[in-house]
Amino acid sequence: MSDEITEGQGLTGGDSQAPRSTPAGEPVGPEVRRVPPTERGAVAAPVPVPPRPEKKADGLRRTAAAEESDTNIWRYSRRDFFAKLGWLSVFSFLGVMLIGTLRYMFPRVLFEPSPIFRAGFPEEYLPGTVSTKWMKDFRVWVVREGNRIYALSGICTHLGCTPRWLEKEDKFKCPCHGSGFYRTGVNFEGPAPRALERVKISRAEDGTILIDKSIKFLYENGGWDNPQSYLSV
Ligand code: FES
């Protein structure tokens, strides 16, 4: 028996302890048995591989460089990422500053109507009457008593609600907390702490009544005695 082991052959476990020798009596090594490949395990049958589709040789074929660039689209290094983040922060800051500057150039202004308005001629107001004609637009009553005309502010001196003129009861009544005022404007019931305010009244050059809501006269300060707080007719 030859000691040479060829490819495709294997060694099986011979009895290494038993002494062996040639017919001539020369000792030999462990017995080597040729093992056919089929005994060492089943060899898997080759799996058929479908042929790869060939790329079309038309104009749609992409070059290797293009495919390489596509795969690199989303590959950013950390340095690139922070550089882009830095630029984004800079442009965001500049954008906010620009918006703030533009808003500064166009400030929000609340345009209110002028506090001065014309209220017609004195002859339009009969003695002993309270006119509510200007309440809706200017929140002012025009009251005539005898030969005096004065303008009462329609703002309750408690918390600022708008009282109502109750002609039958001859008083102003606030719907919020029940304060009551005489036609003169003096408070007499409810939580209102003081009388209604009167506003400046005068005559314009054309003889019409001119009322200025920005100038007020308070009863408790003696302001109702001011000649600008009433109009003599
Ligand atoms: S707001 Fe007029 S009584 Fe309170």
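The values are calculated or read from the model by the stated rules, or taken from the named source; none is laboratory data. Source: prediction; values computed, not measured. Heads up, the Cβs are rebuilt from the backbone with ideal geometry, glycines too, and the neighbour counts pull from every protein chain shown. In case anyone asks, the SASA skips ligands and DNA or RNA and just uses the protein heavy atoms, side chains included. Shrake-Rupley method; radii C 1.70, N 1.55, O 1.52, S 1.80 Å.
Can you name the strands (runs of 3 or more DSSP E) wholly within segment 107-210 that have at least 2 residues being open to solvent by 20 Å² or more (accessible area, probe 1.4 Å) and away from the ligand (no atom under 16 Å from the Cβ)?
Answer list for segment 107-210: 116-118, 129-131, 140-145, 198-203.
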Exercise for the section: Can you confirm whether segment 140-154 contains a residue that is of a type in the set (Phe, Trp, Tyr) and at pLDDT 95 or above? Expected result: yes
Exercise for the section: Go through (1) in contact with a helix residue (DSSP H, G or I) (Cβ under 7 Å, 6 or more places away or on another chain); (2) under 15 Å from residue 230 (Cα atoms) one by one and return the number of the condition residue 203 breaks. Expected result: (1)
Fill in the blank from the handout: Here the qualifying pairs (Cβ atoms under 8 Å; residues six or more apart or on different chains; first in segment 146-160 and touching a residue at least 60 places away in the same chain (Cβ under 8 Å); second within 11 Å of the ligand (Cβ to nearest atom) and not small (Gly, Ala, Ser)) come out as 153/196
Completion exercise
Per the filter on segment 211-231, residues surrounded by fewer than 17 Cβ atoms within 10 Å (Cβ to Cβ) and closer than 13 Å to residue 142 by Cα are 212
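Would a scan of segment 211-232 turn up a residue that is assigned to a loop (DSSP other than H, G, I, E, B), without any contact (Cβ under 8 Å) to a residue 24 or more places away in the chain and within 23 Å of residue 127 (Cα to Cα)?
yes
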